[in-house]
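One structure is given here, and the rest of the page talks about it.
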Amino acid sequence: MFDDRLHGRRRLTERPDYALVGILRIPEIQISPWVSLARRVVFAIALLVGATAVVYLGRSGYHDNRGGELTLLDAAYYSTVSLSTTGYGDIIPVTEQARLVNTIVITPLRVLFLIVLVGTTLQVLTERSRQVFKIQRWRNRVRNHTVVVGYGTKGRTAVDAMLGDGVQPADIVVVDTDPAVLEAAGNAGLVTVHGSATQSDVQRLAGVQHAMAVVVAANRDDTAVLVTLTAREINPKAKIVASIREAENTHLLRQSGADSVVVSSETAGRLLGIATTTPSVVDMIEDLLTPEAGFAIAEREVDSDEVGGSPRHLRDIVLGVVRGGTLVRVDEPEVDALEVGDKLLYIRRVHK
């Protein structure tokens, strides 16, 4: 792989956090624009109230054209025209103390008030600052998450399945080169990284070195092989699941380090063939693969009272037993008696 430093560029993982804004995006809670506007109005009113209190407490140091003592209404009027920089000049500070207070209190309030009124620029700057802070905190804390490479149809469906199984959106990181799909992923509450996952520094920026699993949903088989090889080199312990179009490339994915390989074209072809004769079977398979409702295939540990018994006699419909990391069908003789540490692959009922 080429080292970006040879081309005078710093690797992504070596850049400061502020330089990653726009590349690494941490989602945030969206609020209504009316709520945002109401907060600004309340803040502006609070500034006016504060300025009015300061002027009224020091009212003896102010003079108006009528020569009378300032009332609370006069103090509020003076604060309003001062903070808005209108300044009619009918009320002015005349004593040194009043002018000092006006300089160190009223003037900063005036500046802050103007910033609130032109909050668009401030909001952009604040958003960037928040992103820098969130990027820094996320990079320090991200652990045991899932990295999804590619957010096309396969990637989105994989994410939907994980979310349906209870995975939190904050524990999923999407890597893609298309800003439009990354925008969609960000709107779904997912952390996104803009870049090609064939590059090791992009994968490191996504936290592959600390990830629990990597889902490779690339559009090309050669890309999937290179992404898998890079991910396995970065994290030898992560579970890597890859999707390819052609079955003949399965061995390449296995040799590159993939734990599971899904052949998308052949799987779709089998379903199409089955649907011509027994469409209800396809409906049931779709039901099993959809985690939101109906039935779903799940995995659980063997309970202590189930050890020694047959998986065919349990309350759950068991399809297979995972023993020592290997899946064994439920009708195989070696799993007639369950052992401690076994995992059951079973069908569970999903409620909305």
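The values are calculated or read from the model by the stated rules, or taken from the named source; none is laboratory data. This one's a predicted model, so the numbers in the text were calculated from it and none came from an experiment. In this analysis, Cβ positions are derived from the backbone assuming ideal geometry, glycine residues included, and neighbour counts consider all displayed protein chains. For the accessible areas, the whole protein counts, side chains as well, though only heavy atoms, and no ligand, DNA or RNA atoms are used. Shrake-Rupley method; radii C 1.70, N 1.55, O 1.52, S 1.80 Å.
When the stretch 305-342 is filtered for residues that are touching a residue at least 24 places away in the same chain (Cβ under 8 Å) and open to solvent by 70 Å² or more (accessible area, probe 1.4 Å), the ones remaining, listed by number, are Ile317, Leu319, Glu339, Val340.
Within the stretch 143-192, the set of residues being under 20 Å from Val225 (Cα atoms), touching a helix residue (DSSP H, G or I) at 6+ places or on another chain (Cβ under 7 Å) and β-branched (Val, Ile, Thr) comprises Thr146, Val147, Val148, Val149, Val174, Val175.
If you check Glu286, Glu299 for being open to solvent by 80 Å² or more (accessible area, probe 1.4 Å) and in a strand (DSSP E or B), only one passes: Glu299.
For the stretch 127-157, residues that are surrounded by 18 or more Cβ atoms within 10 Å (Cβ to Cβ) and without any contact (Cβ under 8 Å) to a residue 60 or more places away in the chain total 1.
Scanning the stretch 204-229 for residues that are outside any loop (DSSP other than H, G, I, E, B) and not hydrophobic (A, V, I, L, M, F, W, C) gives Arg204, Gln209, His210, Asp221, Asp222, Thr223, Thr228. When the residues of the stretch 235-255 are filtered to those that are open to solvent by 10 Å² or more (accessible area, probe 1.4 Å), in contact with a helix residue (DSSP H, G or I) (Cβ under 7 Å, 6 or more places away or on another chain) and assigned to a helix (DSSP H, G or I), which remaining residue is modelled with the lowest pLDDT? Among those residues, the one meeting the criterion is Ala247. For beta carbons closer than 6 Å, sequence separation of 6+ or different chains, a first residue in the stretch 285-300 that is farther than 18 Å from Arg315 by Cα and a second that is modelled with pLDDT under 80 and exposed (fewer than 14 other Cβ atoms within 10 Å of the Cβ), the qualifying pairs are Pro291/Asp165; Ala293/Lys352.
Table: residues versus (1) at pLDDT 90 or above; (2) within 21 Å of Phe43 (Cα to Cα); (3) polar (S, T, N, Q); (4) within 13 Å of the chain's Cα centre (by Cα).
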| site | (1), (2), (3), (4) |
| --- | --- |
| Leu122 | no, yes, no, no |
| Leu125 | no, yes, no, no |
| Phe133 | no, no, no, no |
| Ile172 | yes, no, no, yes |
| Val193 | yes, no, no, yes |
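Checked against (1) part of a loop (DSSP other than H, G, I, E, B); (2) in contact (Cβ under 8 Å) with a residue 12 or more places away in the chain, Arg232 passes all but condition (1).
Pairs meeting the criteria (first residue in the stretch 178-193 and farther than 21 Å from Arg204 by Cβ, second residue in a helix (DSSP H, G or I), beta carbons under 7 Å, at least 6 apart or on different chains) are Ala188/Pro169; Gly189/Pro169.
Looking at this structure, is Asn219 closer than 24 Å to Arg245 by Cα and open to solvent by 40 Å² or more (accessible area, probe 1.4 Å)? Criteria met by Asn219. Here Ala213 meets each of (1) of a type in the set (Gly, Ala, Ser); (2) farther than 28 Å from Arg349 by Cα; (3) surrounded by 15 or more Cβ atoms within 10 Å (Cβ to Cβ) with one exception, condition (2).
Considering the stretch 234-264, and only residues there that are among the charged types (D, E, K, R) and within 25 Å of the chain's Cα centre (by Cα), the residue that is nearest to Ile172 (Cα to Cα) turns out to be Lys239.
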